[in-house]
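Shown next, in structure tokens, is the structure this report addresses.
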Amino acid sequence: MSGPVDLELKKAFSELQVKMIDTQQKVKLADLQIDQLTRVQKHAKLTHGEISQLPDSTRLYEGVGRMFIHQSKGEINNQLKGKQKTADEKIKELEKKVYLERSVKEAEDNIREMLMSRRTQ
């Protein structure tokens, strides 16, 4: 009777291990993305700080790839605010990954405990 149950537990455990490895890879990728987005936020904040000191009528050059675009201070400020808002939203989405990692880890621990209790019986 315990033979089929043990096989099912081992199969579930191996499937869960695969999911755990996949989740860990996704978590590492999310951490890298969060770091990159944090740098974007920092850059936007510093640039905004520099631009805010200039008079409103100032026109600035913004580097876009290999080109420079002549824009007003207001347009550049709006773009910087948009970048910061987008980065904030993406960071919030990526931080949900911690919950996923914990839930998969808890499930793996539960199955491991079930396997250990089966072996002792």
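The values are calculated or read from the model by the stated rules, or taken from the named source; none is laboratory data. The structure displayed is predicted, hence computed values, not measured ones. Here the Cβ is made from the backbone with ideal geometry for all residues, glycine too, and neighbour counts use every protein chain on show. What goes into the accessible areas is simple: the full protein's heavy atoms, side chains included, and nothing from ligands, DNA or RNA. Shrake-Rupley method; radii C 1.70, N 1.55, O 1.52, S 1.80 Å.
Quick notes on this structure:
- All other residues whose Cβ lies under 10 angstrom from that of GLU75 are scored, Lys and Arg at +1 and Asp and Glu at -1, for a net of +1.
- Heavy-atom surface analysis with a 1.4 Å probe gives the chain a carbon and sulfur content of 55 percent of its accessible area.
- Fraction of the pair-distance distribution of the stretch 52-121 above 13 Å, Cα-Cα pairs, percent: 77
- Take every Cα pair under 8 Å whose residues are at least 6 apart in sequence, average their separation, divide by the length of the stretch 15-79, and the relative contact order is 20 percent.
- Computed over the alpha carbons of the stretch 1-119, Rg followed by Dmax gives 24.6, 83 Å.
- The charge dipole of the stretch 1-93, taken about the Cα centre with unit charges on the Cβ atoms of Lys, Arg (+1) and Asp, Glu (-1), comes to about 260 debye, rounded to the nearest 20.
- Accessible area in square angstrom per residue, the chain, 1.4 angstrom probe: 78
- Couplings for the stretch 39-55, taken from phi via the Karplus curve 6.51 cos²θ - 1.76 cosθ + 1.60 with θ = phi - 60°, read 5, 4, 4, 4, 4, 5, 5, 5, 4, 4, x, 5, 5, 4, 7, 7, x Hz in order; Gly and Pro are left as x.
- Pairs from LYS26/LYS83; LYS42/LYS92; LYS10/LYS96 whose Cα-Cα separation, in the structure shown, is over 27 Å: LYS10/LYS96
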